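Student: First, the structure itself, so that you have it in front of you.
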Amino acid sequence: LRLLPKSTGLRPVAMLGRPAAASFRSLGKNGGGKRAVLSFRPVNTSLQGVFDVLRHEAGARPGVMGANVSDYRDVHRRLAPFIRRWRSAQKPPPVVSKKRKKNGGNDDVD
């Protein structure tokens, strides 16, 4: 887990491709206990089957995922035709980009 500084605080960034571990020290009668370590598989490994099903369904029925993109190739495939049309226009309109946060807030990027 990393913490990314932001103007309003910190944002946690998890490395989902790496295994996670948590260690605890048990409280014994004399104040010193044994150390216990819990290990977990990477989240990406656990979700790989779900991702494979989504990718299969998106390929079989492209409309089911809407405007979703899953990697840089998908972004390029969807964005390249737009950029070609935009560049060939006589007077291209300004481009405004919007991203949506998981908590429902929006950020405008000009």
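Student: What pairs come up if the first residue lies in the range 1-21 and is closer than 17 Å to Arg41 by Cα, the second is among the charged types (D, E, K, R) and part of a loop (DSSP other than H, G, I, E, B), and their beta carbons are under 7 Å apart, counting only those six or more places apart or on different chains?
Tutor: Pro19/Arg41
Student: Find all pairs meeting these conditions: Cβ atoms under 8 angstrom apart; at least six residues apart or on different chains; first residue within the range 83-97 and part of a loop (DSSP other than H, G, I, E, B) and β-branched (Val, Ile, Thr); second residue surrounded by 10 or more Cβ atoms within 10 Å (Cβ to Cβ) and at pLDDT 75 or above.
Tutor: Val95/Trp86
Student: Scanning the range 44-83 for residues that are in contact with a helix residue (DSSP H, G or I) (Cβ under 9 Å, 6 or more places away or on another chain) and among the β-branched types (Val, Ile, Thr), which turns out most open to solvent (accessible area, probe 1.4 Å)?
Tutor: My answer is Val64.
The values are calculated or read from the model by the stated rules, or taken from the named source; none is laboratory data. Source: prediction; values computed, not measured. With ideal geometry, Cβ positions are generated from the backbone for all residues, glycine too; neighbour counts draw on all protein chains shown. Note: accessible area is taken over every heavy atom of the protein model, side chains too, but ligands, DNA and RNA are not part of it. Shrake-Rupley method; radii C 1.70, N 1.55, O 1.52, S 1.80 Å.
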